[in-house]
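Working notes for the structure below.
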Amino acid sequence: MRLLLLVAVLALGLPMAAGAATLVPRPTDVIVDEDGAVDDLFALSLLLKSDAVRVRAVTISPADSYLAPATLATQLILDRLGARGVSIAQGHSEGLNPFPAAWRRDHAGVLDVAALKGLRPSGRNPVVAEDAAHHLARLLSGPGTYTIVETGPLTNIADALRLKPAIRAHIRRIYVMGGAVRVKGNAEPPGADGSAEWNFYNQPRAAAAVLGSGVPITLVPLDASNRVPMTLGFADRLAARPSAAAQLTAQMLRPAIAEYPDEYYFWDPLTAAVLLDPGVATWKTLRLRVVTQGLSQGRTVEAADGAAVQVAVDADRAKVEALFLAALGR
Ligand code: RIB
Ligand code: CA
């Protein structure tokens, strides 16, 4: 019995009080690497409101956003949702294939919603001087182990792994929004064949490097996120909840959904959701690699010599929506 208990404690990473048989679940320490789009900030909001995780740091890349508004929006959301002592670090790479400027500009509009307009950061969640890759490398060199939630291109993490390969041992798992495995991609600028998803298309070598790094990866590609469109009806149901988190996030989502009707999905939010409840998705272990050159660069392909990745191949829209409404509505 004691042996079984110890095995459970070690397997689950749970702390055990000396001499006591009581298991006390410990929140998972999480680092969020995001790129400042509205759905990134919505995903971050979910994690901040969950008791099962503790967000320790947020690193940002100026991919589907510009750095200054993305950083300010991140600071204000951390403040509004009660976070303290979360460090924020900026990356500076816009990627090999930058996101369209119009999309990047649009995401700054989040600062104009009523719940954020005119606010100044409190300083409780400081922007550190070191860049994102160095910050990740430093945090992941300490005694702790972290789960990373990646909702943008993998540039910052690839750079951190290059700076200090030994940090791999301190990453429990990376949850990545990216790729399109058995469906078409969503990156269709001139010069691309449309097979890649934007986060992987933005910096294909970073995606390939992290998938091949040996760190356990959970991937949420378009295959799963396509199954969970984000609608104004959902935003209305969120807005009907009186909590500050529901009000803030509904205000953020509405303009984004209205601007891209029928084209807006729970991309990053689904990635945060599967960390909290893997049961909202259907899973397959697939061997994957990422194309790094040519018209298909950023494409995710199945290959016998690819890395074994846990892949969300489908998702349950009703369960995902319910999870968000419950977590943000309280
Ligand atoms: O392809 C979806 C990704 O692109 C998401 O991370 C979303 O935030 C957008 O930037
Ligand atoms: Ca994103």
Of the residues in segment 30-43, those that are within 8 Å of ligand 2 (Cβ to nearest atom) and not in a helix (DSSP H, G or I) number 4
Restricting to segment 244-285, count the residues that are within 16 Å of ligand 2 (Cβ to nearest atom) and assigned to a loop (DSSP other than H, G, I, E, B).
4
So which residues in segment 44-64 are more than 8 Å from ligand 2 (Cβ to nearest atom), outside any strand (DSSP E or B) and not charged (D, E, K, R), if there are any at all?
44, 45, 46, 47, 48, 50, 52, 61, 62
Please specify each residue of segment 91-109 satisfying the condition of being in contact with a Phe, Trp or Tyr (Cβ under 7 Å, 6 or more places away or on another chain) and in a loop (DSSP other than H, G, I, E, B).
97, 99
Scan segment 275-284 and tell me whether some residue there is farther than 24 Å from residue 65 by Cα, touching a residue at least 60 places away in the same chain (Cβ under 8 Å) and β-branched (Val, Ile, Thr).
no
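Looking at segment 131-154, which of its residues are more than 16 Å from ligand 2 (Cβ to nearest atom) and open to solvent by less than 50 Å² (accessible area, probe 1.4 Å)? Explain how you work it out, then say what you get.
Let us first name the residues in segment 131-154 that are more than 16 Å from ligand 2 (Cβ to nearest atom), namely 131, 133-147.
Result: 133, 135, 136, 137, 139, 140, 142, 144, 146, 147.
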Across segment 185-199, what is the total count of residues that are closer than 24 Å to residue 44 by Cα and open to solvent by 60 Å² or more (accessible area, probe 1.4 Å)?
0
For residue 241, are the conditions met, namely being away from ligand 2 (no atom under 16 Å from the Cβ) and part of a loop (DSSP other than H, G, I, E, B)?
yes
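Conditions (1) in contact (Cβ under 8 Å) with a residue 60 or more places away in the chain; (2) touching a Lys or Arg at 6+ places or on another chain (Cβ under 7 Å); (3) surrounded by fewer than 22 Cβ atoms within 10 Å (Cβ to Cβ); (4) not acidic (Asp, Glu), marked per residue:
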site	(1), (2), (3), (4)
201	yes, no, no, yes
205	yes, no, yes, yes
209	no, no, yes, yes
215	no, yes, yes, yes
220	yes, no, no, yes
228	yes, yes, no, yes
231	no, no, yes, yes
241	yes, no, yes, yes
State whether one or more residues within segment 74-82 are in contact with a Pro (Cβ under 8 Å, 6 or more places away or on another chain), surrounded by fewer than 16 Cβ atoms within 10 Å (Cβ to Cβ) and under 20 Å from residue 255 (Cβ atoms).
no
Of everything in segment 159-184, what is within 16 Å of ligand 1 (Cβ to nearest atom) and open to solvent by less than 10 Å² (accessible area, probe 1.4 Å)? Give them in sequence order.
174, 176, 177, 178, 179, 180
With respect to residue 268, is the statement that it is crowded, with 22+ Cβ neighbours inside 10 Å and either more than 20 Å from residue 213 (Cα to Cα) or touching a helix residue (DSSP H, G or I) at 6+ places or on another chain (Cβ under 6 Å) (or both) true?
yes
Among the residues of segment 275-288, write down those that are buried (at least 24 other Cβ atoms within 10 Å of the Cβ) and out of contact with any Asp or Glu (no Cβ under 7 Å at 6 or more places or on another chain).
none
Any chance residue 2 is open to solvent by 30 Å² or more (accessible area, probe 1.4 Å), at pLDDT 60 or above, more than 16 Å from ligand 1 (Cβ to nearest atom) and over 16 Å from residue 274 (Cα atoms)
no
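The values are calculated or read from the model by the stated rules, or taken from the named source; none is laboratory data. Model, not experiment: these values are computed from the prediction. Positions of Cβ are generated from backbone atoms using ideal geometry, with glycine treated the same way; all protein chains shown enter the neighbour counts. The protein model used for the area step is the full one, side chains on, heavy atoms only, and it has no ligands, DNA or RNA in it. Shrake-Rupley method; radii C 1.70, N 1.55, O 1.52, S 1.80 Å.
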